[in-house]
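Structure record follows, encoded as structure tokens.
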Amino acid sequence: MDLLKPLIALLAIVNPIGVVPFFLHFTQNFSPEQRRHTMRVSATAAFLVVSISGLAGLKIIEFFGITIASFQVGGGLLLLMSAMHMLNAQQPESRPDDVSQGQQKADAGSSIAVVPLTIPLLTGPATISTMVIYAEKTKTFWQHAVLVGYGVVIGLAAYLAFLASNRIARALGQTGINVMTRLMGLILAAMAVELLADGLVKLFPVLASPFAPVAP
């Protein structure tokens with residue numbers, strides 16, 4: 001099994017740098033410690049998704065009776081909801097005023113780190129499908145260990161990309177972040193529509209040819 005090509009493909013699909021604007025939006029009111037916590041959770045979640053997808057992704061999906069197409073539709077809906085918030089410039093969270101709110105904020109940071117940052121922005125249906133395809137080609141223990149190694153690289157890449165977001169935020173300022181938020185919200189909405197359309201066509205093939213003549 002070629003070791004380098006699958007890793008390059010995964011990095012291109014995951015594209016941690018492309019997720020940085022969304023990370024800035026979802027964590028813009030977080031404290032430095034809460035932001036670091038979100039980084040760690042998201043990087044760990046990305047590692048787990050890639051690794052588990054490679055080792056047992058297909059079996060898990062089959063166990064729950066879920067198809068990749070259904071996963072695409074669900075992921076597309078999540079992305080679309082996030083895009084609407086970004087286009088309306090709605091704040092994902094408000095700054096805490098007391099300890100209990102601070103705990104709620106930390107819990108929210110963990111939640112945001114998993115959905116939507118890790119799933120589906122970092123590791124969506126395309127990543128899971130790619131890992132399942134590569135897993136079918138693995139035969140030995142060491143080849144399976146390589147798949148886990150891919151997860152380590154993806155998690156590390158995501159963490160480093162998010163770590164650089166602090167410098168990006170300082171350079172842009174609040175106005176720049178607001179402009180970028182709306183722009184990325186539009187892009188995210190387009191990504192969501194693509195995911196939804198692809199998933200719906202797979203679930204309902206008749207949608208692929210809406211102008212086909214109807215039989216009498």
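Each reported figure results from applying straightforward, stated rules to the coordinates on display, with no laboratory input. Note that the structure is predicted; figures quoted are calculated from it, not measured. Virtual Cβ from ideal backbone geometry, glycine too; neighbours counted across all protein chains shown.
By the helix-only formula, in which each DSSP H run with n ≥ 4 contributes -39500 (n - 2.57) and the sum is divided by residues, the chain has a 222 nm mean residue ellipticity of -26500 deg cm²/dmol. Per-peptide packing, taken as the mean over residues of other Cβ atoms within 10 Å, places 176-184, 46-54 in the sequence 46-54, 176-184 from highest down. In the chain, Cα pairs under 8 Å separated by at least six residues give a relative contact order of 44 percent. Between Q174, Q28, Q72, the Gaussian network model of the chain with springs among Cα atoms under 10 angstrom shows the greatest mean-square fluctuation at Q174. Identify which of Y159, Y134, Y150 has the largest mean-square fluctuation in a Gaussian network model of the chain, with springs joining Cα atoms closer than 10 Å. For the chain, modelled as a Gaussian network with Cα springs under 10 Å, the answer is Y134. One quarter of the surface of the convex hull around the alpha-carbon atoms of region 137-194 equals 5.9 nm², the direction-averaged projected area.
For region 4-202, count all C-alpha to C-alpha pairs, find those more than 26 Å apart, and express that count as a whole percent of the total. Every Cα pair in region 4-202 considered, those over 26 Å come to 34 percent.
Every Cα-Cα pair of region 45-88 was included, and the share exceeding 15 Å stands at 59 percent.
Phi-derived couplings, Karplus 6.51 cos²θ - 1.76 cosθ + 1.60 at θ = phi - 60°, listed residue by residue for region 19-29: 8, 4, x, 6, 4, 4, 5, 6, 10, 5, 9 Hz, with x used for Gly and Pro. Of G74, G124, G65, the residue with the greatest mean-square motion in the GNM of the chain, using alpha carbon springs below 10 Å, is G65. Here the Karplus relation 6.51 cos²θ - 1.76 cosθ + 1.60, evaluated at θ = phi - 60°, turns the backbone of region 186-192 into coupling constants of 5, 5, 5, 4, 5, 4, 5 Hz, with x for every Gly and Pro.
In terms of surrounding Cβ atoms within a 10 Å radius of their Cβ, F23, F63 rank from fewest to most as F63, F23.
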